[in-house]
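The values are calculated or read from the model by the stated rules, or taken from the named source; none is laboratory data. Bear in mind the structure is a predicted one, so any value in this text is a computation, not a measurement. In this analysis, Cβ positions are derived from the backbone assuming ideal geometry, glycine residues included, and neighbour counts consider all displayed protein chains. These area figures cover heavy atoms from the full protein model, side chains too; ligands, DNA and RNA do not enter into them. Shrake-Rupley method; radii C 1.70, N 1.55, O 1.52, S 1.80 Å.
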Amino acid sequence: MIHNSELILNPDGSLYHINLKPGQIANDIIFVGDQNRVEKITKHFDSIEFSTQKREFKTQTGIYKGKRITVMSTGIGPDNIDIVMNELDALVNIDLETRTVKNDLTSLNIVRIGTSGSLQADVPCDSFVMSQYGLGLDNMLRSYLIDSISEKEMEDAFIAQTNWDMRKGRPYVIKGSEKLAKVFESNQLFSGFTGTAGGFYGPQGRVLRLGIQDTELNKKMDSFEYQGIRMTNLEMETGAIYGLGKLLGHECLSLNAIIANRSTGAFSEDPYKAVDELIIYALDKLV
């Protein structure tokens with residue numbers, strides 16, 4: 001039995017952070033970072049059956065073209081992904097009354113729709129990236145037993161090519177869902193490694209008033225390549241989603257609208273339009 005201190009429930013029986021009970025989510029789930037983006041997706045739904053919010057975690061479940069879909073905001077960063085992925089899994093794979101793992105496990109389809117900055121000059125603003133691999137720089141996933149799912153040769157190549165400072169922890173590489181990649185693949189999409197940083201400023205090479213450990217980090221990541229696969233973009237969630245998803249048995253894929261190009265210094269003239277177009281693309285692929 002899982003102790004109360006390990007699996008925390010609200011007085012109404014819902015999961016502590018995400019405020020959800022079993023049955024309130026669909027098998028197909030869309031993640032967004034921004035809580036205000038949830039309704040930018042569900043406004044396209046035919047109907048909405050359920051809505052809740054606690055902190056930055058907003059969830060709506062409804063029907064789009066006959067398919068039941070849940071849209072959920074995760075907030076920013078790998079720490080929030082740790083909360084969301086574990087609590088979503090608990091909803092479908094743990095009996096919350098007996099606090100025991102179910103015999104028959106459910107696999108969810110989880111698609112992230114996010115915004116990101118490109119690391120390559122030829123991956124322009126307003127384009128879409130499908131993350132073939134999540135390359136985690138954040139260390140959160142190292143709290144779990146990931147040796148059986150991580151791509152060690154790719155990790156070693158990244159460490160060597162970037163002269164990575166191991167005091168920051170060992171980067172990890174996790175492959176996205178091949179099943180979902182086949183659903184979403186299109187010549188509209190770029191693909192490659194998506195870097196997942198543990199912060200927005202220093203961890204992504206931005207300098208305001210503080211000096212950073214590696215001022216050449218972005219250039220090193222720009223040039224990283226392994227067997228023809230290169231770094232496409234940098235954000236804060238994909239690697240954590242891929243890792244926890246694979247450990248828990250869920251299919252996960254990350255799609256990003258590129259709103260900035262770190263290589264050229266460009267920023268999208270209409271980032272909201274790019275995100276809206278990616279939303280429609282993703283919804284129609286799901287159904």
### Query
What do the square roots of 5 times the Cα gyration tensor eigenvalues come to for segment 158-287, in whole Å, largest first, as semi-axes of the equivalent ellipsoid?
26, 20, 14
## Note on the structure
Cα-based Rg and Dmax for segment 1-117, in Å, come out at 14.1, 44
### Query
If you bin every alpha carbon distance in segment 126-232 into 10 Å steps from zero, what whole percent lands in each bin?
13, 45, 33, 9, 1
## Note on the structure
Descending packing, highest mean Cβ count within 10 Å first, for 36-42, 201-207, 5-11 is 36-42, 201-207, 5-11
### Message
From the Cα trace of the chain, what convex hull volume per residue do you get, rounded to a whole Å³?
### Response
141
### Query
Straight-line reach from K67: which aspartates and glutamates have a Cα under 16 Å away, not including same-chain ones fewer than 8 places off?
D28, D46, E49, D284
### Task
For K152, go through the lysines and keep the ones whose alpha-carbon is under 20 Å away, minus same-chain ones fewer than eight residues off.
K168, K175, K220, K246
### Task
Extending each Cα 7 Å along its Cβ direction at D214 and D156, get the distance between those two points in nm, one decimal.
1.8
## Note on the structure
Computed for segment 100-223: size of charge dipole around the Cα centre, +1 on C-beta of each Lys and Arg, -1 on C-beta of each Asp and Glu, debye to nearest 20, value 380
## Note on the structure
Magnitude of the Cβ-charge dipole (Lys and Arg +1, Asp and Glu -1) of the chain about the Cα centre, nearest 20 debye, reported as 200
### Query
Using alpha-carbon positions, what is the distance between the centroids of segment 193-243 and segment 61-98, in Å?
27
### Query
Using Cα-only point scatterers and the Debye equation, what is log10 of I(q)/I(0) for segment 13-61 at each q in 0.14, 0.19, 0.33 Å⁻¹, rounded to two decimals?
-0.33, -0.61, -1.51
## Note on the structure
So the carbon and sulfur contribution to the accessible area of segment 1-143, 1.4 Å probe, in percent, is 46
### Task
May I ask for the angle, rounded to the nearest 10°, between helix 271-286 and the longest principal axis of the chain, with both axes built from Cα atoms and the value confined to 0 to 90°?
50
#### Entry: Of all accessible heavy-atom area on segment 186-287, the percent that carbon and sulfur account for (1.4 Å)
51
### Task
Pull up all non-local amide H partners of M236: gap of 5 or more, or a different chain, and H-to-H distance under 5 Å with H placed in the peptide plane.
A197
### Cβ-Cβ FRET estimate between H3 and R142, R0 fixed at 22 Å, reported to 0.05
0.35
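Keeping all protein chains in place, calculate the accessible area per residue for the chain (probe 1.4 angstrom), answer in Å². Provide the component values of the computation, followed by the final result.
Details: 13050 Å² over 287 residues.
The answer is 45 Å² per residue.
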### Query
Hey, what did the chain get for relative contact order, percent, Cα under 8 Å, at least 6 apart?
24
### Query
Using a basic spin-label model with each label point 7 Å from the Cα along Cα→Cβ, how many nm lie between F200 and K182?
3.9
### Taking the convex hull of Cα positions in segment 93-136, its mean projected area over all directions (nm²)
5.4
### Summary
Rounded to the nearest 500, the 222 nm mean residue ellipticity computed for the chain from DSSP H runs (n ≥ 4, each -39500 (n - 2.57)) alone is -7500 deg cm²/dmol
### Query
What distance in nm separates the simple spin-label points at R68 and F267, each placed 7 Å from Cα in the Cβ direction?
4.2
### 17 Å tail of the calculated P(r), segment 181-241, as % of Cα pairs
51
### Query
Can you give the FRET efficiency for K168 and E225, using 1/(1 + (r/R0)^6), R0 = 22 Å, r = Cβ-Cβ distance, to the nearest 0.05?
0.55
